[in-house]
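Have a look at the structure below, then the notes.
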There are 2 protein chains.
Amino acid sequence: MREIEAIAVDIFGTTVDWRTGVVDGLHRLAADKDLSFGAGALADAWRERYLPAVAQINSGERAWANLDTIHAEALDECLDLFGYSEHFGAAEREEMVRAWYVLPPWRDSLDGLRKLRENHIVVALSNGGFALLTRLIKTAGLPFDAVISAENVQAYKPDVRAYRHAARLLDLPPDRILMVAAHTWDIDGARAAGLRTAFVERPDEKGPGRTADRAEDTTCDLTAQSFTELADALVRG
Amino acid sequence: MREIEAIAVDIFGTTVDWRTGVVDGLHRLAADKDLSFGAGALADAWRERYLPAVAQINSGERAWANLDTIHAEALDECLDLFGYSEHFGAAEREEMVRAWYVLPPWRDSLDGLRKLRENHIVVALSNGGFALLTRLIKTAGLPFDAVISAENVQAYKPDVRAYRHAARLLDLPPDRILMVAAHTWDIDGARAAGLRTAFVERPDEKGPGRTADRAEDTTCDLTAQSFTELADALVRG
């Protein structure tokens, strides 16, 4: 893997623990309600609506919409479904959508990214909007060299356009870029676009009692249990 | 200035000393030639061709071309003009264009950016291509939160589209963004787009014996002699 010049890293689930962050945010916002509130179940139902919405946009069935818009619409649906609708007004819903802006990194993310940066250009490559990503990365202190959002090309991962756009921006052939992700669909999209791929397993990504994606369910060039392990593997070559 | 949320910082001349870097690069590449080589004059003539080329693209007279392409074409012209054409082949010219990828920061740039980042989102907003900027910023160790290139919107500063695109990406009204630049044309463009403006004077920017742009030649919200002075001024409010 000596020929890898840039590393593109997925954010939600791969670099940060979206579920813990979103559940915390929902709990905080519901704290003053007289409401038995299933924040975990709500977060899961919310996240489940993400890939179908992205697929609609990538297929052209629907015009471009930012991830915040997708989140806002899916939240409305979920609040209805759970019978919470009357408890949350527009301003509170906006705050709930902003829960995705502040998410905790996995334990190894900061050290691992620092190590990866020693020998490579390391960029975030995410379906989050540019504004979301910039704030999330700053708040979490994640040391990326640059941020590439699907918003820039108005095509979401796993559409090959999203990965090829990143390669064009970095002025590199796709196979000089390593995509790092914890989801089979992201690895599959990157591979289809000609990138090299590294699966980093995040067994807790979907929360307790739910099975996270595993490396063995797809085909990738490298597998690691953490960013630090991945950095070590790349140094060994 | 308490309402400023993001700071957009120009790169060439404002954050890095392009002339010293380019002259060094040219000297290195010409070192083995039997040639009395005026690297300073060549760098100046090269840079002078930049704004006219950008204006042609912004006016629609010419289709989008990346800064590297503008640099390559202007270099060819200058080498002809100086009578150096026969001494430099295609590969050497490409290396000369890459001299713009490795430029030294001004003495206060790193500390100043770190201070600015304590209270604000700090992004690079430059006419450099995304690949150039990412490499330049990494090599120089400049601690930006994100990189916004004119390439993303295919309009160059001082066209208002370049600044408004940055505001859209950051999801902020233009007047919540402070543009920091050492050039009157950049300050003028940012002001026309509705951004707040800070002029940081870089008296050595154009090299010895040449007069750099001065704050008094334009209208801006703030003036400073360094990024650290600017950070202090923003903290005082």
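The values are calculated or read from the model by the stated rules, or taken from the named source; none is laboratory data. These numbers were taken from a predicted model, which means no experiment stands behind them. When we count neighbours, we look across all protein chains shown, and the Cβ atoms used for this are built from the backbone with ideal geometry, even at glycine. For the accessible areas, the whole protein counts, side chains as well, though only heavy atoms, and no ligand, DNA or RNA atoms are used. Shrake-Rupley method; radii C 1.70, N 1.55, O 1.52, S 1.80 Å.
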Region A:35-167 - percent relative contact order, Cα under 8 Å, separation 6 or more: 23 percent
Per-residue ³J(HN,Hα) for region A:199-208, Karplus 6.51 cos²θ - 1.76 cosθ + 1.60, θ = phi - 60°, Hz, x for Gly and Pro: 8, 9, 6, 10, x, 8, 4, 9, x, x
Solvent-accessible area per residue for the protein assembly as shown (1.4 angstrom probe, square angstrom): 41 Å²
Drop in accessible area of at least 30 Å² in the complex versus isolated chain, residues of region A:114-151, 1.4 Å probe: A:ILE121, A:PHE130, A:ALA131, A:THR134, A:ARG135, A:LYS138, A:ASP145, A:ALA146, A:VAL147
Cα long-axis angle, helix B:18-30 against chain B (0 to 90 degrees, to the nearest 10): 20 degrees
Accessible area that becomes buried as B packs against A, both chains, 1.4 Å probe, Å², nearest 100: 1900 Å²
For region A:66-73, 3J(HN,Hα) per residue [Karplus equation, 6.51 cos²θ - 1.76 cosθ + 1.60, θ = phi - 60°, Hz, x = Gly/Pro]: 5, 4, 4, 5, 4, 4, 5, 5
Relative contact order computed over region B:109-237 (Cα-Cα under 8 Å; 6+ residues apart), in percent: 22 percent
Long-range amide H partners of A:GLY128 with built H, under 5 Å: A:ALA150
Distance histogram for chain B (every C-alpha pair counted, 5 angstrom bins, percent rounded to whole numbers): 1, 7, 14, 19, 20, 17, 11, 6, 4, 1, 0, 0
Relative contact order for chain B, counting Cα pairs under 8 Å that sit 6 or more residues apart, in percent: 25 percent
A:VAL180 long-range amide H proximity, modeled H, under 5 Å: A:ALA8, A:VAL9, A:ASP10, A:ALA198
Among the listed pairs A:LYS157/B:LYS115; A:LYS206/B:LYS115; B:LYS138/B:LYS206; A:LYS115/B:LYS206; A:LYS138/B:LYS157, those beyond 31 Å (Cα-Cα): A:LYS157/B:LYS115; A:LYS206/B:LYS115; A:LYS115/B:LYS206
Value at 222 nm in deg cm²/dmol, rounded to 500, when DSSP H runs of n ≥ 4 in chain A each add -39,500 (n - 2.57): -13500 deg cm²/dmol
Span from the region B:1-56 Cα centroid across to the region A:24-78 one, whole angstrom: 47 Å
Summed residue charge, Cβ within 14 Å of B:LEU110's Cβ, Lys/Arg positive, Asp/Glu negative: +1
Accessible-area composition of region A:165-237, carbon plus sulfur, in percent [1.4 Å probe]: 45 percent
Antiparallel bridges, percent of DSSP beta bridges restricted to chain B (to nearest 5): 5 percent
Convex hull volume of the protein assembly as shown per residue (C-alpha atoms, cubic angstrom): 156 Å³
FRET efficiency estimate (nearest 0.05) - Cβ-Cβ, A:ASP111 to B:HIS87, R0 41 angstrom: 0.25
